[in-house]
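To keep things clear, I will list the structure first and then write my remarks on it.
The values are calculated or read from the model by the stated rules, or taken from the named source; none is laboratory data. Quantities reported herein were computed from a predicted structural model and do not represent experimental measurements. FYI the Cβ positions are ideal-geometry reconstructions off the backbone, even for glycines, and counts take in every protein chain you see. These accessible areas exclude ligands, DNA and RNA; they are computed on the full protein's heavy atoms, side chains included. Shrake-Rupley method; radii C 1.70, N 1.55, O 1.52, S 1.80 Å.
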Amino acid sequence: MQFELLTLDGAKYSGEASEVIVTTTEGTMTILPHHEALTAIVVPGPVTVRDKHVAESLFATFGGILDIQNNSVRLLADEAEHADDLVEHEIEEALA
């Protein structure tokens, strides 16, 4: 399935995915290819994307809207950062 993680700064991820794990207001959900059409509110937290080679990309998002249609998944978020780009002391300052 096609997965896009879009923010105000542009696309953070765009490509094929075999699995996407995201937390919505209804709980954590795993999206697999050919998922039923759905629109949901995403809460702040991790988003895990696995491709067909089982490589994993982890993102921290700050909420957004999830749209699933026609074997395509789109997550529209105000902000999202790849796990490799997160800085521990900045996270601690934000929490304080």
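Give all pairs with beta carbons closer than 7 Å in which a residue from the range 12-36 that is over 14 Å from I65 (Cα atoms) and touching a residue at least 24 places away in the same chain (Cβ under 8 Å) meets a residue that is of a type in the set (G, A, S) and assigned to a loop (DSSP other than H, G, I, E, B); count only pairs at least 6 apart in sequence or on separate chains.
Close Cβ pairs (under 7 Å, with a partner that is of a type in the set (G, A, S) and assigned to a loop (DSSP other than H, G, I, E, B)) amount to P33/S18.
What number of residues in the range 55-73 are assigned to a strand (DSSP E or B) and open to solvent by less than 40 Å² (accessible area, probe 1.4 Å)?
Summing the residues that are assigned to a strand (DSSP E or B) and open to solvent by less than 40 Å² (accessible area, probe 1.4 Å) in the range 55-73 gives 9.
Which of (1) in contact with a Leu (Cβ under 6 Å, 6 or more places away or on another chain); (2) modelled with pLDDT of 95 or more; (3) open to solvent by less than 40 Å² (accessible area, probe 1.4 Å) is the odd one out, the single condition L6 does not satisfy?
With (1) in contact with a Leu (Cβ under 6 Å, 6 or more places away or on another chain); (2) modelled with pLDDT of 95 or more; (3) open to solvent by less than 40 Å² (accessible area, probe 1.4 Å) applied to L6, the lone miss is (3).
Could you list, in sequence order, the residues of the range 1-54 that are within 17 Å of D78 (Cβ to Cβ) and either in a loop (DSSP other than H, G, I, E, B) or in contact with a helix residue (DSSP H, G or I) (Cβ under 6 Å, 6 or more places away or on another chain) (or both)?
L8, D9, T25, V43, P44
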